[in-house]
1. If a residue has to be outside any loop (DSSP other than H, G, I, E, B) and of a type in the set (Phe, Trp, Tyr) to count, how many in region 23-43 make the cut?
2. Filter region 60-77 down to residues that are under 15 Å from Lys15 (Cβ atoms) and within 17 Å of the chain's Cα centre (by Cα) and give me whichever is surrounded by the most Cβ atoms within 10 Å (Cβ to Cβ).
3. Could you tell me whether region 60-82 includes any residue that is within 26 Å of Ser102 (Cβ to Cβ), in a loop (DSSP other than H, G, I, E, B) and among the polar types (S, T, N, Q)?
4. Being under 23 Å from Phe80 (Cα atoms) and free of Cβ contacts under 8 Å to residues at least 60 places away in the same chain is the filter; apply it to region 10-40 and report the residue that is most open to solvent (accessible area, probe 1.4 Å).
5. Out of curiosity, is Arg88 in contact (Cβ under 8 Å) with a residue 60 or more places away in the chain and either among the basic types (Lys, Arg) or under 18 Å from Asn9 (Cβ atoms) (or both)?
6. Only one of Arg53, Arg88 is outside any helix (DSSP H, G or I) and either buried (at least 16 other Cβ atoms within 10 Å of the Cβ) or at pLDDT below 95 (or both); which?
7. Look at Pro139 and say whether it is part of a loop (DSSP other than H, G, I, E, B) and modelled with pLDDT of 95 or more.
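The values are calculated or read from the model by the stated rules, or taken from the named source; none is laboratory data. All values reported here derive from a predicted model rather than from experimental measurement. So basically every Cβ, Gly included, is an ideal-geometry build from the backbone, and we count neighbours across all protein chains shown. Just the protein is used for accessible areas: all its heavy atoms, side chains included, with ligands, DNA and RNA removed. Shrake-Rupley method; radii C 1.70, N 1.55, O 1.52, S 1.80 Å.
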Amino acid sequence: GITLLPSHNPLVVAKEFGSLDHLSSGRLILGVGVGYVPLEYEVLGLSYEDRGRRTDEYIDAIRAMWTQPSPSYAGEFVAFSGINAFPRPVQQPPPILIGGSSAAAFTPAVGATATTAPSSKAARKRRQPRRPAASQTPPRG
């Protein structure tokens, strides 16, 4: 599954999924997305336009919780210090899979351990068989 990351507290996400990685002996892949429905952001009181920057920042904050001995982070949307979360993930850090079909979803700026996956709509589009051109249609008979 994919977690709509901007709608969650990144520290809670770090704790929950860090514990899951620990309990699964390092088999976690965290799937995140930013969403595409403005109403989802409106009901949460968040800016739809900031969802990409917020997601990038939340990923950085989550990685800080997972990898720093004394985690701290200061950004536009989240800031913390003097806290910690245990158990730590087995993987340092666990991989983060970013779902989406926009250009931003494929930008490598999110870091070396993040990968991307196309949205299901984009994947379905790629799986549709190509029809041969009229001149390539085999004769019936």
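1. Keep residues of region 23-43 that are outside any loop (DSSP other than H, G, I, E, B), which gives 23, 30-33, 38-43.
In the following step, the residues that additionally are of a type in the set (Phe, Trp, Tyr) were identified as 41.
Total satisfying the criteria: 1.
2. First pass over region 60-77, keeping only residues under 15 Å from Lys15 (Cβ atoms): 61-68, 71, 73.
In the following step, the residues that additionally are within 17 Å of the chain's Cα centre (by Cα) were identified as 61-66.
On the way: Ala61: 24, Ile62: 28, Arg63: 22, Ala64: 22, Met65: 24, Trp66: 22.
Taking the candidates together, the pick is Ile62.
3. No, region 60-82 contains no residue that is within 26 Å of Ser102 (Cβ to Cβ), in a loop (DSSP other than H, G, I, E, B) and among the polar types (S, T, N, Q).
4. Only one residue tops the list, namely Glu16.
5. Working: in contact (Cβ under 8 Å) with a residue 60 or more places away in the chain: yes; either among the basic types (Lys, Arg) or under 18 Å from Asn9 (Cβ atoms) (or both): yes.
Yes; evaluated as a whole, the condition is true for this residue.
6. Working: Arg53 fails: outside any helix (DSSP H, G or I).
Going through Arg53, Arg88 in turn, just one is outside any helix (DSSP H, G or I) and either buried (at least 16 other Cβ atoms within 10 Å of the Cβ) or at pLDDT below 95 (or both): Arg88.
7. Working: part of a loop (DSSP other than H, G, I, E, B): yes; modelled with pLDDT of 95 or more: no.
No.
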